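A.B. asks: I have a structure I would like to understand better, so I am pasting it below and will then ask my questions one at a time.
The values are calculated or read from the model by the stated rules, or taken from the named source; none is laboratory data. As the structure is a computational prediction, the values presented were derived from the model and not from experiment. Neighbour counts are summed over all protein chains in view; Cβ atoms, including those assigned to glycine, are modelled from backbone coordinates with ideal geometry.
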Amino acid sequence: MKANSQWPIFRPRLYFEPTQLLQEFEKEAEKAIGPVLNDRIAWNGVCIYHENASIWKDNPHKISLSDLPNLQSFINKYFDSKKIRMINIYKLEPGACLHPHRDMEGNLILGMIRVHYCLKTNLNCTLLDEHLEAGKFFCFSTSELHSAENLGSSDRIHLVVDLKYSKKNSSFYPKLTFSILLTLLDRLIRILFLLMRDLIKRPSSIISRFNSLIKK
C-alpha cells in the first residue's frame, strides 16, 4: 500500500465513506459522550474499547464495540483486533484548542502508533497543523508534540485507534528510516527528561501513566 510518509505524519492512501459510521455514532454512541479532561475544556469523547479492563470499567463515558456493528465491521476490516490497545471517538467542539502535549499510549518508541480516522470535520480543523479530510486516515507517534484545534463552526469528530505492531497493522506504520530513528531518539530523551521532572514534582501522574500501559 502506497502512502505519504512525511514524518511525523503518515497518511495511508485509504478512503472509507464515513456516512454510516457517523450516523451510527450519532444514534448509539453520542449519548454516552462526555468530558475527556474537565468540564471547562470543549473536548468530549467516548471510549469504545481499552485493553486495560480497569480503565474501561472506570470510564463513565463508554459504549461497547459490540453495540456498534458498523464500526465493528470497519475495525475488523482495517485492523488486527488482537493488537488494539484503545479505541475512542473524540468530538472537538467549535472554538476548542488542545494544548501541545506528548502521550505514552500510541507512542512509536514503545512500538505503538496512533491512527486518526475522520468521521466529520470542517476546513478550519487541524491536527499537528495539518487538515484531515472526512473518510481518510492519519497516523503519528504520540512521542511527537501534538495539538489540535477547531476554529470552524461545526464539530470535528475523529475515531482514534492506538495500535500495537502486527503484520496487518503494519499498513499504518511508517518505514523506519535513519532519519525517523534519530527523531525517535531525540523524543525518547525529551520524554525521559519529562518523566524525571514529574517523578520529582508529580509522582502520582507517573504511576497512572504506566498503569494505563499495563494490560489487566
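A.B. asks: Find the residue count for segment 71-96, including only residues that are touching a residue at least 12 places away in the same chain (Cβ under 8 Å), surrounded by 15 or more Cβ atoms within 10 Å (Cβ to Cβ) and closer than 21 Å to F172 by Cα.
C.D. replies: Summing the residues that are touching a residue at least 12 places away in the same chain (Cβ under 8 Å), surrounded by 15 or more Cβ atoms within 10 Å (Cβ to Cβ) and closer than 21 Å to F172 by Cα in segment 71-96 gives 14.
A.B. asks: Separate question: Given the conditions (1) buried (at least 23 other Cβ atoms within 10 Å of the Cβ); (2) of a type in the set (A, V, I, L, M); (3) in contact (Cβ under 8 Å) with a residue 60 or more places away in the chain; (4) more than 14 Å from W7 (Cα to Cα), which single one is not true for L108?
C.D. replies: The single condition L108 does not satisfy is (4).
A.B. asks: Looking for whichever is modelled with pLDDT of 95 or more and not polar (S, T, N, Q) here; the options are I113, I189, I109. Which one fits?
C.D. replies: I113
A.B. asks: So which residues in segment 163-193 are surrounded by fewer than 21 Cβ atoms within 10 Å (Cβ to Cβ) and under 13 Å from the mean Cα position of the chain (by Cα)?
C.D. replies: K164
A.B. asks: Separate question: When the residues of segment 20-38 are narrowed to those that are part of a helix (DSSP H, G or I) and surrounded by fewer than 13 Cβ atoms within 10 Å (Cβ to Cβ), which ends up modelled with the lowest pLDDT?
C.D. replies: Within segment 20-38, the first condition is being part of a helix (DSSP H, G or I), and the residues that meet it are 20-32.
Then drop every residue that is not surrounded by fewer than 13 Cβ atoms within 10 Å (Cβ to Cβ), which leaves 23, 27, 31.
Values: Q23: 98, K27: 97, K31: 93.
Selected residue: K31.
A.B. asks: Any chance segment 115-138 includes a residue that's touching a Gly at 6+ places or on another chain (Cβ under 9 Å), closer than 19 Å to V46 by Cα and part of a loop (DSSP other than H, G, I, E, B)?
C.D. replies: The answer is yes, given that some residue of segment 115-138 is touching a Gly at 6+ places or on another chain (Cβ under 9 Å), closer than 19 Å to V46 by Cα and part of a loop (DSSP other than H, G, I, E, B).
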